[in-house]
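Worksheet: the structure to be examined is printed underneath.
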Amino acid sequence: MSVIDSPAGKQPTATYDSAFMRACRREPVPHTPVWFMRQAGRSLPEYRKVREGIPMLESCMRPELVTEITLQPVRRHGVDAAIYYSDIVVPLKAIGIDLDIKPGVGPVVERPIRTRADLAQLRDLTPEDVSYVTEAIGLLTRELGATPLIGFAGAPFTLASYLVEGGPSRTYENAKAIMYGDPQLWADLLDRLADITAAFLKVQIEAGASAVQLFDSWVGALAPADYRRSVMPASAKVFRAVAEYGVPRIHFGVGSGELLGLMGEAGADVVGVDWRVPLDEAVRRVGPGKALQGNLDPTVLFASTEAVETKTREVLDAAAGLEGHVFNLGHGVMPNTDPDALTRLAEYVHTHTAG
């Protein structure tokens, strides 16, 4: 893909002036750009059809299938960006961690990491480990043209929590026990995961992703002091590692209202906000120099069209004073969401903010 030397570095020419990329750079936009976390997935009947009988992790390793699934919501909803179809545990699987995504449960790790000896499971990630990612992004960028592709990865804290707990958790008791009880082991674990995550994002950017998002899905379980001391250094290392590429870097966590300023400080250009904090309050917490992304409550989409529009206007009104705003949900699209509601929402945001 051809690139241009922009003020931010080398970026794909076709997507550089898109509404999404301009909003990430806090530049004027023709309309507020829209995309939805988990827009590619279970809410779409066409997704369920092509995924039928194919395990989740296997589907992430088939370039042509990844391409089709990533494109489905772009075709259907008219969103301003595609999000690469994958899962946050894909790089862990690629380096040989014995894990699987079990339906109705989530990622389950066969041998949780609890001791220093267990760190040996975490070898470096190479581009060859995820050659299917490079192939899929090549296919995607040719199809997407001027529509940006967002690459993504799980943040070190969330990956560490899965690895230590052995699967999803509500309390993170084992992870926090290491964090508090053996801070050096915890720091070494997160540092290794930062290197793996950075390598995974680099593969995506070098293959043609126009932006990247770091998902720290579980970070809302932390107090700000614990985040700053025990998590932020690893997230900051990831953002520094990809800074040279000049692509927008987005940081999102669930339940992270008390951490928004710190998450921006870690190195993001765009801070994702869940539905719990209004965007006008979020900008006060984050401070100047960052775009914001968000933040309609995903459950609003189960209400009437009129209710969706009312709540959407509230989000847009709260974002009116922002330097840069990317409209999104405050978390991922829920599986039972009516796809037509998402299509109407994208169209409404475009129409309401045009001009």
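A few points about this structure:
- Radius of gyration and maximum dimension Dmax of the stretch 257-355, Cα, Å: 13.5, 38
- Whole-Hz couplings from phi, Karplus 6.51/-1.76/1.60, listed for the stretch 124-130; x for Gly and Pro: 5, 8, 10, x, 5, 5, 10
- Straight-distance crosslink candidates among aspartates and glutamates, where the alpha carbon sits under 15 Å from Lys290 and sequence neighbours closer than 8 are dropped: Glu27, Glu265, Asp269, Asp280, Glu281, Glu323
- In terms of the mean number of neighbouring beta-carbon atoms within 10 Å, the peptides 101-109, 126-134 order highest first as 126-134, 101-109.
- Highest to lowest packing among 251-258, 326-333, 58-65, scored as the average C-beta count within 10 Å: 326-333, 251-258, 58-65
- With DNA, RNA and ligands ignored, accessible area of Thr147 (1.4 Å probe; Å², nearest 10): 40 Å²
- With the helix formula -39500 (n - 2.57) applied to DSSP H stretches of n ≥ 4, the chain reaches a computed 222 nm mean residue ellipticity of -13000 deg cm²/dmol.
- Residues Thr115 and Glu143, FRET efficiency given R0 of 35 Å [Cβ-Cβ distance, rounded to 0.05]: 0.15
- Accessible area of the stretch 93-133 divided out per residue, in Å², using a probe of 1.4 angstrom: 57 Å²
- Note that the stretch 235-355 presents 39 Å² accessible area per residue, ligands and nucleic acids not counted, probe 1.4 Å.
- Cα pair distances of the stretch 1-155 binned at 10 Å [whole percent]: 10, 33, 33, 19, 6, 0
- Measure of compaction for the chain (Cα Rg per 2.2 N^0.38 Å): 0.93
- Solvent-accessible area, 1.4 Å probe, carbon plus sulfur percent, for the chain: 50 percent
The values are calculated or read from the model by the stated rules, or taken from the named source; none is laboratory data. For clarity, every value in this text was computed on a predicted model and none was experimentally measured. Note that each Cβ is placed from the backbone with ideal geometry, even for glycine, and that neighbours are counted across all protein chains shown. Side chains are part of the model used for accessible areas, which takes the heavy atoms of the whole protein and leaves out ligands, DNA and RNA. Shrake-Rupley method; radii C 1.70, N 1.55, O 1.52, S 1.80 Å.
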